[in-house]
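Reading through the structure tokens given below for one structure.
The values are calculated or read from the model by the stated rules, or taken from the named source; none is laboratory data. Just so it is clear, the structure is predicted and the values come from calculations on it, not from any experiment. Note that each Cβ is placed from the backbone with ideal geometry, even for glycine, and that neighbours are counted across all protein chains shown.
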Amino acid sequence: MSAPVVSDIGGRFAVVVHDVAPAFLPQLARIAEALTPRVGRALAGAVVPCWHGRPIEGPGGGFGRFVAGAFGEVLQHGYTHWQDRPGVLSLFTGRSDELVGLPREEVRRRLGLGRELLRRALGVAPAGFVPPAWQVGRATADELGECGFRYLATFGAIRVANGPTIPLATWSWDWGVVGPLARVGQWFGDVSWRLRPATLPCVVVHPADLDRGDLPRVLEVVDRMLEQGRTPGLLSEFLP
């Protein structure tokens with residue numbers, strides 16, 4: 001049996017909005033308003049099912065309508081996005097490194113609770129998982145596969161259990177509590193793509209980018225991709 005083949009990523013790019021939660025609905029609406037004319041439905045939303053302990057509302061609410069209208073794909077972004085036992089890393093992430101230090105059983109419990117909440121509240125079964133603060137912990141691609149997910153989206157790659165790895169060049173402006181690192185994040189994306197031009201460009205947006213005045217930088221990168229003739233796509237489209 002032949003190995004699975006990664007879909008062609010040449011001439012493509014992806015845009016993903018992180019920290020999609022009711023607490024940030026005003027910021028998310030403005031982000032979607034800016035991005036939709038550029039990428040249409042090729043916009044993925046990484047939804048936090050229970051942001052800092054507050055579960056998303058049931059079907060029919062304003063948040064659910066926003067998610068359904070704004071995003072062509074819903075990913076699961078942790079469960080609470082909150083670190084219960086803060087350490088040194090948490091000082092810089094604003095305690096968003098939820099999965100760090102959790103045993104396998106607790107990781108599986110949170111994955112399951114999050115999937116069930118997204119199913120009940122939004123009517124979706126997410127194929128992809130994005131770890132909070134990019135910290136995977138024990139939520140590996142193999143572990144996610146056993147919990148019903150198809151792929152893991154990290155800072156540097158899309159990983160599939162027993163499947164191919166799709167390398168990413170990621171632009172991200174939110175680096176925790178240190179706002180000035182936003183420029184470093186953009187520089188890192190530019191350099192990474194320059195050094196690895198065969199990778200899939202992935203532009204990641206957070207509500208904090210709007211609060212800190214970084215949305216114009218986000219749009220500049222997206223516009224650059226479009227001017228180069230690249231076509232936006234959802235992460236799941238690039239899987240075999």
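Looking at the stretch 177-199 only, could you name the residues that are part of a loop (DSSP other than H, G, I, E, B), out of contact with any Pro (no Cβ under 7 Å at 6 or more places or on another chain) and either over 26 Å from residue 127 (Cα atoms) or at pLDDT 95 or above (or both)? Hits for the stretch 177-199 are 177, 178, 197. Determine which member of the set 153, 133 is closer than 18 Å to residue 80 by Cβ, within 12 Å of the chain's Cα centre (by Cα) and among the aliphatic types (A, V, I, L, M). When all the criteria are applied, what remains is 133. Scanning the stretch 207-237 for residues that are of a type in the set (Asp, Glu), under 24 Å from residue 21 (Cβ atoms) and in a helix (DSSP H, G or I) returns 209, 211.
For the criterion of being surrounded by 16 or more Cβ atoms within 10 Å (Cβ to Cβ), under 26 Å from residue 156 (Cβ atoms) and at pLDDT 95 or above, residue 47 passes.
Among residues belonging to the stretch 127-138 that are in contact with a Lys or Arg (Cβ under 7 Å, 6 or more places away or on another chain) and part of a loop (DSSP other than H, G, I, E, B), point out the one that is surrounded by the most Cβ atoms within 10 Å (Cβ to Cβ). Filtering the stretch 127-138 for residues that are in contact with a Lys or Arg (Cβ under 7 Å, 6 or more places away or on another chain) and part of a loop (DSSP other than H, G, I, E, B), the one surrounded by the most Cβ atoms within 10 Å (Cβ to Cβ) comes out as 127. I'm checking my understanding of the structure. Among residues of the stretch 139-158 that are of a type in the set (A, V, I, L, M, F, W, C) and in a loop (DSSP other than H, G, I, E, B), which one is surrounded by the most Cβ atoms within 10 Å (Cβ to Cβ)? Ranking the qualifying residues of the stretch 139-158, first place goes to 139.
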